[in-house]
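Read the structure below first, then the notes.
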Amino acid sequence: MNKLIQLHVDIDTRINAIRDDNTDWQCKMGCDGCCHRLAEVPRLTTVEWELLQTGLIALPSEILQEISHAVATLSKQSTPFVVCPMLDKLKGACVVYEHRPVACRTYGYYVQYDQGLYCNDILERVTGDVLKDVVWGNHNTVDRQLRYLGETKDLTKWFANWEGVTL
Ligand code: SF4
Ligand code: SF4
């Protein structure tokens with residue numbers, strides 16, 4: 001099993017454990033607040049980009065074109081929050097869900113030291129002590145494993161160097 005797939009398996013194991021113990025966990029299709037408010041342009045390692053490309057290529061060409069244009073707009077954007085170009089805003093769903101980057105898989109279920117990596121909805125439940133029994137994943141471990149997978153680049157750079165796709 002390659003290292004990225006192994007990392008996905010480890011993340012899914014953590015997420016399933018949290019969800020099994022918290023059956024009303026908020027993260028589900030249609031809850032897309034985090035995809036609307038990315039703190040920065042997503043950064044991906046080469047293997048994550050290769051996986052994402054597989055998902056992008058499988059999309060209808062007009063959707064891929066829309067995403068390409070949205071990515072091109074991102075590089076000129078100056079507002080603090082980034083709406084992910086791969087979000088279907090009508091459905092509140094990720095159009096490359098099976099191929100999404102690691103950061104999207106961990107968000108809402110992992111922390112970094114004592115710093116939350118989750119949205120305000122989950123934060124409210126954390127500060128309200130509702131989630132005091134949750135055994136969160138440790139994002140530092142994930143970051144370490146990602147570093148073994150190679151350098152990261154902005155999504156905009158990956159797209160800019162992607163032959164055959166017009167930005
Ligand atoms: S992290 Fe927050 S906004 Fe994102 S899916 Fe989960 S509950 Fe919804
Ligand atoms: S790739 Fe998908 S899951 Fe990740 S931020 Fe974009 S829309 Fe959300």
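Of all residues in segment 26-46, those that are closer than 27 Å to L149 by Cβ, more than 7 Å from ligand 1 (Cβ to nearest atom) and part of a loop (DSSP other than H, G, I, E, B) total 5. Number of residues in segment 1-31 that are modelled with pLDDT of 95 or more, within 16 Å of ligand 2 (Cβ to nearest atom) and of a type in the set (K, R) equals 0.
Screening C34 on (1) within 28 Å of E163 (Cα to Cα); (2) within 15 Å of ligand 2 (Cβ to nearest atom); (3) within 16 Å of the chain's Cα centre (by Cα) shows it passes everything except condition (1). Filtering segment 111-167 to residues that are under 22 Å from A17 (Cβ atoms), assigned to a loop (DSSP other than H, G, I, E, B), charged (D, E, K, R) and touching a helix residue (DSSP H, G or I) at 6+ places or on another chain (Cβ under 9 Å) leaves K132, D133. Among the residues of segment 37-50, just one is at pLDDT 95 or above, within 11 Å of ligand 2 (Cβ to nearest atom) and not charged (D, E, K, R), namely L44.
The values are calculated or read from the model by the stated rules, or taken from the named source; none is laboratory data. Remember, it's a predicted structure, so these values are computed and weren't measured experimentally. Please note: Cβ atoms are built from the backbone with ideal geometry, for glycine as well, and neighbour counts cover all protein chains shown.
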